[in-house]
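All remarks here apply to the structure that follows.
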């Protein structure tokens, strides 16, 4: 089955009444947990971005606390799993400021975890990619926001050189 384009879907949705649209959304939510999470975000959390970021940071921190510091293999698996969660939060929010805040929180946690991330090429590359993503997202923000985040970003960037 060939999926319709976004513009075709938009036109089709515009022709539906409210109850039909509601039924389609509920049916869509039944088939994928990520769809359900996105609908929950759009309905209940999208209007309060600060609370969303706070809750996301708490969830990220809780997941990273469970990381095994004694076994690098298990630590890498946890780091990747948490990064998938971070990227999901970023995708739902659709905001560069949220992206910068969540990635900086993730990198801060990794840098201060006690895990020798710079001694293992895999963890070093994961950390470096996130630093590059932060830098790219930071460059798109308003210059006042850039200034606010720049000091913490420079500290994270210098931590990678250790």
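Rule-based calculations on the coordinates, nothing more; no lab input. Because the structure is a prediction, the values reported are computed rather than measured. Don't worry about glycine lacking a Cβ; one is built from the backbone with ideal geometry, like all the others, and counts go over all protein chains shown.
When both segment 23-52 and segment 94-162 are represented by their alpha-carbon centers, they are found 28 Å apart. Structure remark: mean-square fluctuation, Gaussian network model of the chain, C-alpha springs under 10 Å; the largest value among 93, 14, 46 belongs to 14. Taking Cα atoms only, the orientation of helix 18-31 departs from the longest principal axis of the chain by about 40 degrees. The ranking of 86, 122 from fewest to most other beta carbons within 10 Å of each one's beta carbon is 122, 86. Estimated translational diffusion coefficient (Stokes-Einstein, Kirkwood radius over Cα pairs, 4 °C, 1.567 mPa s) of segment 24-86: 96 µm² per second. Listed by Cβ neighbour count within 10 Å, with the fewest neighbours leading, 100, 82 appear as 82, 100.
The C-alpha atoms of the chain define a longest principal axis, and helix 72-93 lies at about 40 degrees to it. Fully extending the segment from residue 16 to residue 142 would add 41.5 nm, taking 0.36 nm per residue of separation and subtracting the current Cα-Cα distance.
For the chain, take the longest principal axis of its alpha carbons; what is the angle in degrees between that and the long axis of helix 49-65, to the nearest 10 within 0 to 90? Compared with the principal axis, the helix lies near 50 degrees. In the chain, helical runs assigned H by DSSP with n ≥ 4 each contribute -39500 (n - 2.57); averaged across all residues and rounded to the nearest 500, the mean residue ellipticity at 222 nm is -25000 deg cm²/dmol. Note on 126, 79: ascending count of other Cβ atoms within 10 Å places them as 126, 79, the fewest first.
Binning all Cα-Cα separations of segment 48-159 at 10 Å, short to long from zero, yields these whole-percent fractions: 14, 48, 32, 6, 0. Comparing 134, 53, 24 in a Gaussian network model of the chain where C-alpha atoms under 10 Å apart are linked, the largest mean-square fluctuation is found at 24.
Maximal additional length on extending the residue 31-residue 5 stretch stands at 7.3 nm, based on 0.36 nm per residue less the C-alpha distance.
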